[in-house]
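These notes are about the structure you will find just below.
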Amino acid sequence: MRIAVFRKAHFNAAHRLHIKDWSDEKNEKVFGVCSNRYYHGHNYELEVKVIGEVDPITGMVIDLKVLKDIIEEKIEKRFDHRNLNEEIEEFKNLNPTTENLCFVIWKILRATLDEKFELFVRLYETPRNYVEYPA
Ligand code: NI
């Protein structure tokens with residue numbers, strides 16, 4: 001039996017949406033207040049979905065404690081209370097939109113989780129705005 005298990009997590013981070021090659025005017029026109037040079041914060045909510053076969057002995061797809069520890073270690077410790085633009089290597093030349101952050105998180109978790117699992121990452125930037133990868 002294949003089934004999906006979920007783990008929720010949370011972190012706070014600051015960012016601004018900004019393309020270095022563009023003028024301040026163009027950045028402001030495209031990204032509005034999100035391009036504010038003094039940054040702004042979000043309470044990001046993360047949902048990690050892992051799909052796999054239920055082990056016939058343990059009855060589990062993945063030990064949720066193991067998944068929790070991976071998310072804490074690889075994502076929360078790395079991103080919580082950080083300035084994404086200034087402190088996170090992946091965003092030195094990549095706009096820290098919810099889309100890009102979601103994909104960066106997926107890549108980190110994908111590299112950690114056993115290949116036998118399917119992995120989906122949903123990231124809420126606000127309670128109403130969220131993205132999911134893969135689509
Ligand atoms: Ni923002």
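Derivation of every value follows stated rules applied to the coordinates shown; laboratory data play no part. In this text, all values refer to a predicted model and were calculated from it rather than measured experimentally. Backbone-built Cβ (ideal geometry, glycine too); neighbour counts: all protein chains shown.
By the beta-carbon count within 10 Å of each Cβ, the least crowded to most crowded order of Val50, Val5, fewest first, is Val5, Val50. Taken as Cα centroids, the range 85-135 and the range 1-48 sit 10 Å apart, rounded to the nearest whole angstrom. Pairs from the table (Lys8/Lys92; Lys29/Lys92; Lys77/Lys116; Lys8/Lys65) lying more than 18 angstrom apart at Cα are Lys8/Lys92; Lys29/Lys92; Lys77/Lys116.
Once you keep just the Cα pairs under 8 angstrom separated by 6 or more residues, what percentage relative contact order results for the chain?
31
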